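**Q** Below are the structure tokens for one structure; questions will follow.
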Amino acid sequence: MQTLLKSYSQLWVNQIKYGFRHVSIRNRTNSRHRYYATKPLQYQKFYEMKKKFDFKNDDLTFPINIPLKQRYAYRPQRQFNKATPQNDYLNTEVMSGNEILLYFEQLDNLRINEILNGLERLHKYNKGQFNLAEHPWVKAALDKVFVEHHHITKSQFIQLLNIYSNYGIETPEVWAKFQERMIKLLPNIPARLFGECVRLFMEKSERSTDEFKKELSLVIPVHLTKMSPQAIAKAFEMVYKYNLMTDYLFFDHLHFILRKRFKWFLMGKACPLMLRLLREANFETCEFLWPEIYKQLETELDRIPNDQCAPIRNELVKIGEAFPSHSQYNNIIIAKKIGARATWEATLGGQARKLSLVEIVKNDILYYKEKQKLQRSQSQQSA
């Protein structure tokens, strides 16, 4: 028995010293390495690594998991095939205007959302050159989506309203039908779509009745915290336009969101419109509102978008002329600071910042070449 144990122990020692040569790597690994060896240009040379053990250390515990010879090969980045379309919907984003018109010739083969996307894309291509609503195929497409407007989703319905507005269709009967559908959607419409709804129905007085406009103004507080700054400014512009502003709407909602989130309107490029609305509404003595507005304007001075500096400066100047008492808030000083940024953006400073580094270097090279030519011509004339 002792000799048997001794032989086994000697076997373990030999295997630990010289490795498990009689044990091969798994067939899967072997086949993989053989495949790598067939393509030496694609895969670089192999790297071998063995884990070394200090067998003189007494802390080793048996059995030891001795790793076999490991080979590492360079694997190039996986080449993904071009994505194949998962459906057969028409992609109007990659079509020309003529292609979209040719598809409109066969309306029975198109889905509603394909027609809506095609009409929207066709208007972008037009740019006001033609009256597309008179085209027979476009007119047939508009009639078809109007017939189906009771069965489309909320987002598709708002898209349809935008299309009719862009194409200049102001038929009272059509917008009356749209108003009926909108009344049904009001309880469940999301805030993002509600802002578009207010703009579309209140942009022109003949698109909706006075009762419906008043109903829309009463629903604004429900979605106010989730609407975008542009949508809020546009909604309150419509409210002021039709004299629908109430004390509840102003004191409980509008002035609160202006005091707390006026910098939100600065970042959202809706600040000039809100300042104009407050000036036209003649809110001169709102001591709880104007100090906060001027304070946030001054703190966010460096974060005002570049294209908004000039409009904000102009509105502040108009407010200073309309409300002389606002000089206590240093509104003229704030307007001058914003005006300095607007002037810098409109002159060489803004142009230089917009240019890339390569273009700046090219301009410098051209400048020095012209300067050298001028110096040479002057030296030749003097000689």
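**Q** From Ala140, Ala133, Ala176, grab the single residue that is in contact with a Gly (Cβ under 7 Å, 6 or more places away or on another chain) and part of a helix (DSSP H, G or I).
**A** Just a single option satisfies the conditions, and that option is Ala133.
**Q** May I ask you to list the residues in the range 221-267 that are of a type in the set (Gly, Ala, Ser) and farther than 26 Å from Glu321 by Cβ?
**A** Within the range 221-267, Ser228, Ala231, Ala235 meet the criteria.
**Q** If I ask for residues that are in contact (Cβ under 8 Å) with a residue 40 or more places away in the chain and either not acidic (Asp, Glu) or not in a helix (DSSP H, G or I) (or both), which ones from the range 233-257 would you list?
**A** Ala233, Ala235, Phe236, Met238, Tyr240, Tyr242
**Q** Also, I was wondering about something else. Tell me which helices (runs of 4 or more DSSP H) are completely within the range 266-367 and hold 3 or more residues being within 29 Å of the chain's Cα centre (by Cα) and at pLDDT 75 or above, or say none if there are none.
**A** In the range 266-367, the matching helices (runs of 4 or more DSSP H) lie at 271-280, 290-299, 309-322, 331-346.
**Q** Do you know which residues across the range 132-148 are surrounded by 18 or more Cβ atoms within 10 Å (Cβ to Cβ) and not small (Gly, Ala, Ser)?
**A** Leu132, Val138, Leu142, Val145
**Q** A follow-up question, please. Looking only at the range 201-212, count every residue that is buried (at least 20 other Cβ atoms within 10 Å of the Cβ) and assigned to a helix (DSSP H, G or I) and tell me the total.
**A** Residues that pass the stated criteria total 3.
**Q** Let me spell it out: the conditions are (1) more than 20 Å from Lys204 (Cα to Cα); (2) in contact (Cβ under 8 Å) with a residue 12 or more places away in the chain; (3) surrounded by fewer than 19 Cβ atoms within 10 Å (Cβ to Cβ), and Gln129 meets all of them except one. Which number is the exception?
**A** Tallying (1) more than 20 Å from Lys204 (Cα to Cα); (2) in contact (Cβ under 8 Å) with a residue 12 or more places away in the chain; (3) surrounded by fewer than 19 Cβ atoms within 10 Å (Cβ to Cβ), Gln129 fails exactly one: (2).
The values are calculated or read from the model by the stated rules, or taken from the named source; none is laboratory data. All figures in this text were calculated on a predicted structure; none of them were measured in a lab. Using ideal geometry, Cβ is built from the backbone for each residue, glycine included, and neighbour counts are taken over all protein chains shown.
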